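The values are calculated or read from the model by the stated rules, or taken from the named source; none is laboratory data. Not measured: the values here are computed from a predicted model. Backbone-built Cβ (ideal geometry, glycine too); neighbour counts: all protein chains shown.
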Amino acid sequence: MTTAFIALGSNLGDSRALLASALESIKQLDDTRLEKISPTYRSAPVGPGGQPDYLNLVAQLETGLSAGALLAALQQIETDHGRERREHWGARTLDLDILLYGNQQIESAELTVPHPHMAERNFVLYPLTDLAPDLLLPCGTPLGSWREACSDAGLEALGDIIEPGR
């Protein structure tokens, strides 16, 4: 089994319900256990203007799925929740990103792990640090040092945990 961290975000529709449903779908994945869920954050959108704020959280999984199989499963969950890929970094019902997959560093046409923009995204670093404050990244850097270097501008800790299926 491999520990994986998944970022979840939504800024279209009923974001709380979409995130809860996505977590339930993740719980149902073959050979995968949902271990922990971070508190929820509200963040300013990255990308084209005029978008609503996002709700974000990070989930920790234990999975026997390969990174590629996990990616395919997460993309299917996005599609099942109405995700349409029209505009790069545009508004979306659901966004699921593999942040970390064990200690692996993966660079392929389909997947880059650690997530390539993780170091500058407070809506990823803050909830990830909530789950794993002492985590060492695959490059050997402590996660906490990335969080300390990342501003919390535009980020609001909501403090609640969205439960699967609610």
Going by what's in this entry, would Leu71 be described as under 23 Å from Lys27 (Cα atoms) and in a helix (DSSP H, G or I)? yes
Out of the residues in region 123-164 that are exposed (fewer than 14 other Cβ atoms within 10 Å of the Cβ) and among the β-branched types (Val, Ile, Thr), which is farthest from the chain's Cα centre (by Cα)? Thr141
Filter region 41-64 for residues that are crowded, with 17+ Cβ neighbours inside 10 Å and in contact with a Ser or Thr (Cβ under 7 Å, 6 or more places away or on another chain); which is modelled with the lowest pLDDT? Tyr54
In region 91-122, the residues that are part of a loop (DSSP other than H, G, I, E, B), modelled with pLDDT of 90 or more and surrounded by 18 or more Cβ atoms within 10 Å (Cβ to Cβ): Leu94, Arg121
Test: residue in region 41-56 that is in a strand (DSSP E or B), among the charged types (D, E, K, R) and farther than 21 Å from His81 by Cα: no
Test of understanding: among Leu29, Leu61, which residue is under 18 Å from Gln104 (Cα atoms) and either touching a residue at least 24 places away in the same chain (Cβ under 8 Å) or not aromatic (Phe, Trp, Tyr) (or both)? Leu61
